[in-house]
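The values are calculated or read from the model by the stated rules, or taken from the named source; none is laboratory data. In this text, all values refer to a predicted model and were calculated from it rather than measured experimentally. Ideal geometry is used to build each Cβ from the backbone, glycine not excepted, and the neighbour counts take in all protein chains shown.
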Amino acid sequence: MSPEPPRFADFGPPRRVEGGLRARSTRGAIGRSWWSRRFLEVLESFALGTRLTRGRAYARRGQVVRLDVAPGLVTASVQGSRPEPYPVRIRLAAYPDEVWERLAAELAGQAFFSARLLAGDLPAELEELFAAAGAPLFPAQVDELDQRCGCPDFAVPCKHLAATFYLLAEAFDADPFRLLHWRGRGRAELLERLRTLRGADAVDAAPDGPAVPAGGPAVAVDGPAPAELPVAGAARVLTGLPAVSAADTVDRFWLSPVPLPDRPPTLPTGPELLLRQLAPPGADLGGPGLVERLRRAYREFGGPDPETGPR
């Protein structure tokens, strides 16, 4: 006979950790930026059960000892009830160089994206740009994530994996380039490539004649010509954009220099998603019967179903 799978009752409470990575959020939702909330929204849409809830508690208790992000691989150590922390590995395909070269060309082609990325920000429109390039920023199916944990729990994700997901979302909050690094391109390499491409575009677009500082056209003044100015900050990004005359400066000042794509649509989820994430209440509160009554009520009052349309 095959051995029975381990039961939660067989394990004691997790061991306390000194100096663990504790989630900054102490209650409510985790994730402040659109990209971290979107990442968790995608995970929760996979209906992974109550393990996400248990993992959130682990993340807030500081049970994650270590978290590292590399191209295609997240590794972590999570302290459970046993003496040694459990090793956690989460794989997500990193895009090859040729895909990133295509993405970099798309990003460099619009000053809006280059400026925001050079400022350390991920604009929401980035998700649509990645999808249009055939390289989605977030996983579309749960099987795109290869999840491994050294604990004896047979569930995937276990609470140790789930805690890693929540701490990973907060790591994306602190440094959005960690998300891009997981997909295969680090901050320094991507930004340097964008600067190179933007600089090449500026050289190609410049007319024949005297050299112009990279920060923009020089202003004519009396006296000797000023020394060439260093290229810094947004000047590197805006190099090569068409100049505007004084007559239309006021009218065009607040307009984007390039057409902006629409914001990505909200991920469709069913009205009963919360019920699938939470365990059934105890018998004193109605048990599974209450869940079924709530499910019918959610379907009745929750608006159109994303799959079947209006009710």
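Name the residue, out of Val88, Val65, that is without any contact (Cβ under 8 Å) to a residue 60 or more places away in the chain and over 28 Å from Leu118 (Cα atoms).
Val65
Surrounded by 17 or more Cβ atoms within 10 Å (Cβ to Cβ) and farther than 30 Å from Thr196 by Cβ - does that describe any residue in the stretch 102-111?
no
Would you be able to tell me the number of residues in the stretch 7-34 that are more than 19 Å from the chain's Cα centre (by Cα), modelled with pLDDT of 80 or more and of a type in the set (Gly, Ala, Ser)?
Summing the residues that are more than 19 Å from the chain's Cα centre (by Cα), modelled with pLDDT of 80 or more and of a type in the set (Gly, Ala, Ser) in the stretch 7-34 gives 1.
Which residues, taken from the stretch 164-188, are in a helix (DSSP H, G or I), over 20 Å from Trp34 (Cβ atoms) and not β-branched (Val, Ile, Thr)?
Just the residues of the stretch 164-188 that are in a helix (DSSP H, G or I), to begin with: 164-174, 177-182, 187-188.
Still in the running and over 20 Å from Trp34 (Cβ atoms): 164, 188.
Ala188, the sole residue that qualifies.
In the set Arg37, Arg54, which member is of a type in the set (Lys, Arg), out of contact with any Leu (no Cβ under 8 Å at 6 or more places or on another chain) and modelled with pLDDT of 85 or more? Outline the logic, then answer.
On the way: Arg54 fails: modelled with pLDDT of 85 or more.
Arg37 is the lone residue from the list that is of a type in the set (Lys, Arg), out of contact with any Leu (no Cβ under 8 Å at 6 or more places or on another chain) and modelled with pLDDT of 85 or more.
Output the residue which, of all residues in the stretch 77-94 that are within 21 Å of Leu179 (Cα to Cα) and touching a Phe, Trp or Tyr at 6+ places or on another chain (Cβ under 9 Å), is surrounded by the most Cβ atoms within 10 Å (Cβ to Cβ).
Val78
List, please: which pairs have Cβ atoms under 7 Å, are six or more places apart or on different chains, and start with a residue in the stretch 123-138 that is at positive phi and free of Cβ contacts under 8 Å to residues at least 12 places away in the same chain and end with one that is aromatic (Phe, Trp, Tyr) and crowded, with 17+ Cβ neighbours inside 10 Å?
Note: no pairs meet the criteria.
How many residues are under 17 Å from Val99 (Cα atoms), in contact with a Phe, Trp or Tyr (Cβ under 7 Å, 6 or more places away or on another chain) and surrounded by 18 or more Cβ atoms within 10 Å (Cβ to Cβ) when one looks only at the stretch 166-202?
Qualifying residue count for the region: 4.
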